[in-house]
Amino acid sequence: LFCKAADSAWIVSLYRLQKTFTVEEAVETIGFGRFHIALFLIMGSTGVAEAMEIMLIAVVGPVIRCEWQLGNWQVALVTTMVFFGYMISSVIFGVLADRYGRWKILFISFIWGAYFSLLTSFSPSYIWFVFLRTMVGCGVSGHAQGLIIKTEFLPTKYRGYMLPLSQVFWLAGSLLIIGLASVVNPTIGWRWLIRIASLPGIVLLLAFKFIPESARYNVSCGNDKAALATLQWIAKMNRSVMPEGKLVEPTDERRGRFKDLMDPKYLRTTLQLWIIWLGISFAYYGIILASAELLEKNLVCATGGGGTSKGDELGDYSEEIHSPCLCHHFAPSDYQIMIISTIGEIALNPLNILGINFLGRRLSLTITMGCTAVFFLLLNICTSTSGLIGFLFMLRALVSANFNTIYIYTAEVYPTIMRAVGLGTSGSVCRIGAMVAPFIAQVLMNASFLGALCLFASVCIVCAVSAFTLPIETRGRALQVGKPVFRSVRSEAGSCTAEGHRGSFL
């Protein structure tokens with residue numbers, strides 16, 4: 001009896017010694033709590049800073065056009081160069097984030113962006129303005145690491161709800177910069193507007209100290225101790241418990257490699273995602289810049305459609321529409337229309353969340369991309385100001401829903417060892433669309449309004465087809481860490497047991 005009792009105790013001790021858990025299991029066990037609310041608020045606020053920096057060009061463009069007597073192509077070039085900087089740095093920051101950590105890259109990118117944004121306000125000429133805004137674009141590209149940190153800390157069932165809600169912060173930043181522009185531009189000038197727009201990024205640098213490095217990143221590079229400490233802190237903050245056993249996860253030295261995206265398992269997904277990202281960005285920034293053009297020059301009724309042209313009512317102003325250096329400041333009513341259309345970015349958020357969680361990421365994106373194409377074509381109808389606002393409102397709502405869905409899908413479909421480089425390269429390709437958009441919305445649209453709209457609609461249709469045929473659906477799917485790895489762990493009792501029973505795609 002004594003021997004049997006000793007054997008039983010030894011078996012129980014050995015079981016406890018060998019019982020292990022992964023970061024995924026820890027995140028699911030801890031659940032959603034106070035830490036995730038703080039994470040949502042702080043990392044979500046990166047969207048406020050990013051939106052203010054990106055949307056700044058739309059409200060500063062008409063002012064610098066007048067101050068420096070710029071042509072359409074020169075105003076378009078400013079936006080293009082911002083996204084050129086974003087495109088180049090997005091890949092670099094993605095690779096560095098997979099190798100050296102998400103938090104570090106996020107912090108560096110905010111310092112970079114705030115510094116060059118402040119310098120932009122002192123630009124002595126157009127050339128300097130373009131160069132410094134390009135540097136700002138480089139910094140802003142690193143803000144995507146905030147989304148990755150949120151994704152890697154959120155339990156599976158909450159990702160489809162919390163990540164789309166982050167759009168609220170982008171909306172807040174967009175509304176804030178438009179509201180500030182309506183007050184600051186006519187009074188103290190665009191230079192002060194840029195200085196004020198850089199403040200949120202500086203303030204956020206102080207808040208980042210409350211957010212730890214991603215536990216998934218730490219275990220992927222072998223720093224299990226730091227990952228465990230982070231998870232224990234989160235459990236304590238959430239008043240929850242950790243799973244029993246020892247944190248065990250394989251280490252993969254092959255982190256942040258671009259060629260992993262070309263692996264046969266992910267090649268098709270990668271290529272289709274690049275097409276979708278490019279098209280979504282092209283449509284998103286196209287409608288933002290087109291809104292400014294429509295308000296500034298009334299292109300709809302002045303270039304084609306029926307009804308009474310506002311240009312006819314304004315006499316000589318209708319002839320100025322085709323002037324290479326049109327100087328026309330926004331009126332208060334123009335800012336109001338921009339605010340109303342911008343609010344549209346959150347109008348479909350509830351439906352978008354339902355679609356993502358019940359229809360799945362792929363089908364939801366297919367539907368919203370198809371509707372985006374339809375509403376682009378509807379813009380050609382010469383209608384009243386209220387009708388124009390309605391079309392712009394719906395377009396902003398749809399393109400925003402597109403971005404919500406593709407951000408979530410991209411962050412979920414790639415494993416931890418290549419998640420940042422996957423999102424980084426997608427963001428880089430995305431900026432190609434953003435670089436082309438100004439020349440379509442601000443140059444081609446002046447020459448052929450219907451031609452520009454047809455181009456936007458065609459790209460959206462291609463994206464809808466690509467979304468529908470994506471090979472992987474990520475709804476309800478646990479975040480992957482790396483490739484299947486089977487390794488042995490020697491217990492303190494001296495036996496060697498294989499961890500093949502874990503068998504999950506780590």
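The values are calculated or read from the model by the stated rules, or taken from the named source; none is laboratory data. Computed from a predicted model, the values in this text were never measured in an experiment. Ideal geometry is used to build each Cβ from the backbone, glycine not excepted, and the neighbour counts take in all protein chains shown. For accessibility, only protein heavy atoms count, side chains too; no ligands or nucleic acids. Shrake-Rupley method; radii C 1.70, N 1.55, O 1.52, S 1.80 Å.
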Tabulated pairs, the stretch 129-140, first under 14 Å from residue 194 (Cβ atoms), second outside any helix (DSSP H, G or I) and not polar (S, T, N, Q), C-beta under 9 angstrom, 6+ apart or interchain: 129/68; 132/122
Residue under evaluation residue 210, criteria (1) over 19 Å from residue 480 (Cα atoms); (2) without any contact (Cβ under 8 Å) to a residue 24 or more places away in the chain, criterion not met: (2)
Test: residue in the stretch 415-427 that is surrounded by fewer than 23 Cβ atoms within 10 Å (Cβ to Cβ) and under 21 Å from residue 465 (Cβ atoms): no
Some residue of the stretch 371-383 being in contact with a Cys (Cβ under 8 Å, 6 or more places away or on another chain) and of a type in the set (Phe, Trp, Tyr): yes
Selected residue (criterion: nearest to residue 180 (Cα to Cα)) from residues of the stretch 313-335 that are surrounded by 16 or more Cβ atoms within 10 Å (Cβ to Cβ) and modelled with pLDDT of 50 or more: 335
Which listed residue, of 222, 279, is modelled with pLDDT under 85 and among the small types (Gly, Ala, Ser): 222
Test set (1) surrounded by 24 or more Cβ atoms within 10 Å (Cβ to Cβ); (2) touching a Leu at 6+ places or on another chain (Cβ under 7 Å); (3) modelled with pLDDT of 85 or more; (4) not basic (Lys, Arg) - residue 432 fails condition number: (1)
Selection status of residue 182, buried (at least 23 other Cβ atoms within 10 Å of the Cβ) and touching a residue at least 60 places away in the same chain (Cβ under 8 Å): no
Residue in the stretch 227-235 that is farther than 30 Å from residue 257 by Cβ and open to solvent by 20 Å² or more (accessible area, probe 1.4 Å) present: yes
Conditions (1) crowded, with 18+ Cβ neighbours inside 10 Å; (2) modelled with pLDDT of 90 or more; number of the one not met by residue 125: (1)
Qualifying positions in the stretch 338-370 - within 23 Å of residue 62 (Cβ to Cβ) and either surrounded by 15 or more Cβ atoms within 10 Å (Cβ to Cβ) or in contact with a Phe, Trp or Tyr (Cβ under 8 Å, 6 or more places away or on another chain) (or both): 338, 340, 341, 342, 343, 344, 345
Any chance residue 454 is within 26 Å of residue 279 (Cα to Cα), open to solvent by less than 40 Å² (accessible area, probe 1.4 Å), at pLDDT 50 or above and assigned by the TED database to the domain that holds residue 279: no
Qualifying residue in the stretch 388-405 (condition: surrounded by fewer than 20 Cβ atoms within 10 Å (Cβ to Cβ), among the aromatic types (Phe, Trp, Tyr) and assigned by the TED database to the domain that holds residue 354): yes
Filter pass, residue 373 being open to solvent by less than 30 Å² (accessible area, probe 1.4 Å), in contact (Cβ under 8 Å) with a residue 12 or more places away in the chain and within 15 Å of the chain's Cα centre (by Cα): no
Residue count for the stretch 334-373, restricted to those that are outside any helix (DSSP H, G or I) and in contact with a Pro (Cβ under 7 Å, 6 or more places away or on another chain): 0
Breaking point among (1) out of contact with any Phe, Trp or Tyr (no Cβ under 9 Å at 6 or more places or on another chain); (2) under 30 Å from residue 215 (Cβ atoms), for residue 139: (1)
Subset of the stretch 14-64 that is among the aromatic types (Phe, Trp, Tyr) and modelled with pLDDT under 85 - its residue that is least open to solvent (accessible area, probe 1.4 Å): 21
Cβ-Cβ under 9 Å pairs, at least 6 apart or on other chains, the stretch 215-234 side at positive phi, far side open to solvent by 30 Å² or more (accessible area, probe 1.4 Å) and in a loop (DSSP other than H, G, I, E, B): 222/251; 222/253
Tally, over the stretch 173-200, of residues that are closer than 22 Å to residue 344 by Cβ and touching a Gly at 6+ places or on another chain (Cβ under 8 Å): 1
Answer from 427, 451, 476, 387 - the residue that is in contact (Cβ under 8 Å) with a residue 60 or more places away in the chain and not in a loop (DSSP other than H, G, I, E, B): 427
Test: residue in the stretch 136-154 that is surrounded by fewer than 21 Cβ atoms within 10 Å (Cβ to Cβ), assigned to a helix (DSSP H, G or I) and out of contact with any Ser or Thr (no Cβ under 8 Å at 6 or more places or on another chain): no
Top-ranked residue in the stretch 256-294 [being closer than 15 Å to residue 431 by Cα and not aliphatic (A, V, I, L, M); ranked as farthest from the chain's Cα centre (by Cα)]: 286
Odd one out for residue 172, checked against (1) open to solvent by 30 Å² or more (accessible area, probe 1.4 Å); (2) of a type in the set (Gly, Ala, Ser); (3) more than 19 Å from the chain's Cα centre (by Cα): (3)
